[in-house]
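**Q** Structure below; questions to follow.
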Amino acid sequence: MYTTSSAFLDALIEANVSFIFANLGSDHPALVEAIAEARAAGRQIPEVLTCPNEMVGMSAAHGYWQASGVPQAVVVHVECGTQALAGAVHNAAKGRAPMIIFAGASPFTQHGELKGSRNEFIQWIQDVHDQRGLVRGYMKYDNEIRTGRNVKELVHRALQFANSEPKGPVYLMGAREVMEEEVKPTPNDAAAWRPIEPAALGTRGVEQIGTALASARRPLLVTSFLGRNPNAVGPLTSLCRRLGMGVLESVPNAMNFPHTDPLYQGNQWNHPNQNPVLAVADVILVVDSDVPWIPTVSKPGDGARIFHIDVDPLKQQMPLWHINAEGVFAADAETAFGQLNSWFDANPPDAASVQARADHYAASYAERARELHALERPPAGGAVTSEYLLARLREMAGDDLLFVNEGISHYHTVFNHLALDRPGSIFTSGGGSLGWNGGAAIGIKLARPDKTVVSLTGDGSFMFTVPSSVHWMARRYETPFVQIVFNNRGWKSPKLSTLAVHPEGYAARANQLDTSFEPAPDYVGIAEASGGAWGRQVREAAEVDDALAEAFRVVREEKRCAVLDVWLPHH
Ligand SMILES: Cc1ncc(C[n+]2csc(CCOP(=O)(O)OP(=O)(O)O)c2C)c(N)n1
Ligand SMILES: [Mg+2]
């Protein structure tokens, strides 16, 4: 038998989908049957991963794409499972992570008119007015499969949207009767549904940007996520070096530029102070950034000339957005840097100016390096600090490490002290819905089994990941990773948010703000019970080296997760 569901699976294979992150229900008999039939017949289908929690499954699909560039599939149960995707929907949309989500829908017949007609009470209860509307504000494309005769077309069209810039998740739903419909197999025409080719700058744009950069005294590139495409980092590095252009990251989402290069000028988050490098830059090239600066605290100087190159310069999903750019370009960063590099081949910049700029940035780089280094010294008394821990991790880390950063109030600490220089070596969710790191670590390990994955998470964010599901899946699907919990006994960030607006109010004087996790949960115990993880608590700086070494050994040799519950000063 060949049904809509069989054709759906074939379409996924044609689209190079290796995994279906699935959470099944009464809407899926046709799909479950088609999967079983394909297995019995030896027909190729994606591997199905059972995801006890939908958000974990979708975060895994997100992580898989981040580490491989290949979108995967998520299957969930009607509107309930769609809602249970929860904040992963936000993260994929904001992080522009492509994937295809399929949800069944309640049968639309109730007297047995068609195969798949209603036979369970829940099918009346789960029939809602606008299932697709639940996620429409976040999906690049959504549609309903109405017949098996064009299901493959819908899958390929959906993925064409997902894979075209600005990328993002797409959603299909199909009712039971439709997914049961018998159809004839059709040929593979996935190649006819290619994503839009990367966009280039126009000749005038290249000239405009090139001329401005050539004459700048303090040219500065500001970026957040150009390194989502690891191939953009090389051309950027060449461009910066030949110009003596500094690089400032704003809320980085990837390894955008080698942090060991003297042109690197640090990363700015919610720091409540004007960034000094940004203040004096006279020509600023913003490339792939959703928040290049926060104007109430930090912005370019008044006379600065700003150019903006972005996969989505209009920020189509952001109702309020503006930077005062004299040139705005929708272009692919790797392509644009290639064009600018060619322009500078033909128009070599003045060597003395380049040297002067590079010297200036190198001096501020050295100053920053000294400050960071001082922070890494273990404090008197022996307690562990995040800076010390990260410095040790940096020293002990091999070149095979991939980092997952959901450190929240430690986001910048992680970027600062790991000082990474390998493109594609660190990932963040790109959004603001906490709990992405556990699922993401699974997806990243699935995509890159040769790598050692290290997830760095706040204690609150550990709890948001649904750790029981994460650690069960990690064991079941053999995706061991190191997970380091920055345990400050609660949510520091909401406290910082309050104090930033009310520095001298009641909250500032209160002895607790309902953000504490005392008594602290046993994070190692949770992971151990759910997935047989190894783990230990770390309270002293002197314990760090042993704990890290053992964690790496366990993950690499015993192939199980290792959780280090690192006790930092109370938030
Ligand atoms: C799903 C979700 N719920 C709530 C928040 C609001 N929020 C932002 S940061 C934060 C605290 C996170 O705690 P933790 O991971 O321990 O990091 P810390 O702030 O302590 O560094 C919270 C609750 C959010 N961003 N996402
Ligand atoms: Mg915390």
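The values are calculated or read from the model by the stated rules, or taken from the named source; none is laboratory data. All values derive from a computational prediction rather than experimental measurement. Every residue, glycine among them, receives a Cβ derived from its backbone with ideal geometry; neighbour counts consider all protein chains shown. Ligands, DNA and RNA are excluded from the accessible area calculation, which covers all protein heavy atoms including side chains. Shrake-Rupley method; radii C 1.70, N 1.55, O 1.52, S 1.80 Å.
**Q** So which residues in the range 513-540 are open to solvent by less than 10 Å² (accessible area, probe 1.4 Å) and away from ligand 2 (no atom under 16 Å from the Cβ), if there are any at all?
**A** 527, 531, 533, listed by residue number.
**Q** When you scan the range 495-524, how many residues do you find that are within 15 Å of ligand 1 (Cβ to nearest atom) and either touching a Phe, Trp or Tyr at 6+ places or on another chain (Cβ under 7 Å) or not in a loop (DSSP other than H, G, I, E, B) (or both)? Let's see the steps before the verdict.
**A** So in the range 495-524, the residues within 15 Å of ligand 1 (Cβ to nearest atom) come out as 495-501, 512-518, 520-521, 523.
The next check asks that each one be either touching a Phe, Trp or Tyr at 6+ places or on another chain (Cβ under 7 Å) or not in a loop (DSSP other than H, G, I, E, B) (or both); those that pass are 495-501, 515-516, 523.
The number of residues fulfilling the criteria is 10.
**Q** For the range 248-255, check the following and say yes or no: at least one residue is charged (D, E, K, R), open to solvent by 10 Å² or more (accessible area, probe 1.4 Å) and modelled with pLDDT of 95 or more.
**A** Let us first name the residues in the range 248-255 that are charged (D, E, K, R), namely 249.
Imposing the further condition that a residue be open to solvent by 10 Å² or more (accessible area, probe 1.4 Å) reduces the set to none.
No; the residues of the range 248-255 include none that is charged (D, E, K, R), open to solvent by 10 Å² or more (accessible area, probe 1.4 Å) and modelled with pLDDT of 95 or more.
**Q** Here's something else I'd like to know. Considering every residue within the range 36-54, establish whether at least one is closer than 30 Å to residue 253 by Cα, at pLDDT 95 or above, in contact with a Gly (Cβ under 8 Å, 6 or more places away or on another chain) and among the polar types (S, T, N, Q).
**A** Looking only at the range 36-54, we keep the residues that are closer than 30 Å to residue 253 by Cα, and these are 46-54.
Cutting the leftovers down to at pLDDT 95 or above gives us 46-54.
Right, trim to in contact with a Gly (Cβ under 8 Å, 6 or more places away or on another chain) and you get 49, 51, 54.
The next check asks that each one be among the polar types (S, T, N, Q); those that pass are none.
The answer is no, given that none of the residues of the range 36-54 is closer than 30 Å to residue 253 by Cα, at pLDDT 95 or above, in contact with a Gly (Cβ under 8 Å, 6 or more places away or on another chain) and among the polar types (S, T, N, Q).
**Q** Cβ-Cβ under 7 Å, sequence separation 6+ or interchain: first residue in the range 447-467 and under 20 Å from residue 61 (Cβ atoms), partner of a type in the set (Ser, Thr, Tyr). Which pairs?
**A** Within 7 Å, the pairs are 447/64; 447/68; 467/530.
**Q** Scanning the range 480-507 for residues that are aliphatic (A, V, I, L, M), more than 19 Å from residue 297 (Cβ to Cβ) and away from ligand 2 (no atom under 16 Å from the Cβ), which turns out most open to solvent (accessible area, probe 1.4 Å)?
**A** So the first thing to find is which residues in the range 480-507 are aliphatic (A, V, I, L, M), and the list is 482, 484-485, 496, 499-501, 507.
Right, trim to more than 19 Å from residue 297 (Cβ to Cβ) and you get 482, 484-485, 507.
Still in the list and also away from ligand 2 (no atom under 16 Å from the Cβ): 482, 507.
Values: 482: 2, 507: 26 Å².
My answer is 507.
**Q** Please list, ordered by first then second residue, the pairs with beta carbon atoms under 9 Å, 6 or more apart or interchain, first in the range 397-410 and among the aromatic types (Phe, Trp, Tyr), second open to solvent by 10 Å² or more (accessible area, probe 1.4 Å).
**A** 403/397; 403/420; 403/427
**Q** Can you name the helices (runs of 4 or more DSSP H) wholly within the range 274-387 that have at least 1 residues being open to solvent by 60 Å² or more (accessible area, probe 1.4 Å) and hydroxyl-bearing (Ser, Thr, Tyr)?
**A** Numbers: elements: 276-280, 333-346, 351-375.
So the answer is 333-346.
**Q** Out of everything in the range 469-494 that is part of a strand (DSSP E or B) and at negative phi, what residue ends up being farthest from ligand 1 (Cβ to nearest atom)?
**A** 482
**Q** Here are the criteria: (1) open to solvent by 70 Å² or more (accessible area, probe 1.4 Å); (2) basic (Lys, Arg); (3) within 16 Å of ligand 2 (Cβ to nearest atom). Tell me which single one residue 475 does not satisfy.
**A** Condition not satisfied by residue 475: (3).
**Q** Then there's this: Residue 165 - would you say it is open to solvent by 40 Å² or more (accessible area, probe 1.4 Å) and over 26 Å from the mean Cα position of the chain (by Cα)? So that I can check it myself, show each step before the final result.
**A** Working: open to solvent by 40 Å² or more (accessible area, probe 1.4 Å): yes; over 26 Å from the mean Cα position of the chain (by Cα): no.
No.
**Q** Given the structure, is residue 176 in contact with a Pro (Cβ under 6 Å, 6 or more places away or on another chain), open to solvent by 10 Å² or more (accessible area, probe 1.4 Å) and over 30 Å from residue 341 (Cβ atoms)?
**A** On the way: in contact with a Pro (Cβ under 6 Å, 6 or more places away or on another chain): yes; open to solvent by 10 Å² or more (accessible area, probe 1.4 Å): yes; over 30 Å from residue 341 (Cβ atoms): yes.
Answer is yes for this residue.
**Q** I'm trying to understand the selection: among the residues of the range 135-148, which are surrounded by fewer than 20 Cβ atoms within 10 Å (Cβ to Cβ) and under 20 Å from residue 117 (Cβ atoms)?
**A** 144, 146, 147, listed by residue number.
**Q** Let me ask another. Which residue pairs have Cβ atoms closer than 7 Å, lie 6 or more positions apart in sequence or on different chains, and pair a first residue in the range 96-122 that is among the polar types (S, T, N, Q) with a second residue that is surrounded by fewer than 16 Cβ atoms within 10 Å (Cβ to Cβ)?
**A** Cβ pairs passing all conditions: 117/109; 117/110; 117/111.
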